[in-house]
Amino acid sequence: RVAGIHLVNCGSVGGPVDGDPRGAYALLDFKKGSVGRSRIIRFSYPHDRVLADFHDRNVPGYGH
């Protein structure tokens, strides 16, 4: 919570800043009349292959 606002940022797949190479998504649950809940779900994916593809396609920020 920041200034009374519930913020969720699960980051990005392929460019983690927290050192965890797994993919992530946010699961949000808002029910009328209650405080929302959130959690970050992590999953494995072939990140080495994805990063190699980024490099091969000259994606900015990935080795070029």
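Report the calculated FRET efficiency for ALA3 and PHE43 (r = Cβ-Cβ distance, R0 = 25 Å), to the nearest 0.05. Once rounded, the FRET efficiency stands at 0.20. Count Lys and Arg as plus one, Asp and Glu as minus one, and take only other residues whose Cβ is under 13 Å from that of VAL50; the net charge is then 0. What number comes out for the charge environment of ASP29, summing +1 per Lys or Arg and -1 per Asp or Glu over other residues with Cβ under 12 Å away? It works out to a net charge of +4. Using only Cα coordinates, the Kirkwood hydrodynamic radius of the stretch 14-53 works out to 12.1 Å.
Any read-out appearing in this document is the output of simple, stated calculations on the displayed coordinates, not a laboratory observation. In this text the structure is predicted, and so the values were computed from the model without any measurement. No Cβ is skipped: glycine too gets one built from the backbone with ideal geometry, and neighbour counts run over all protein chains shown.
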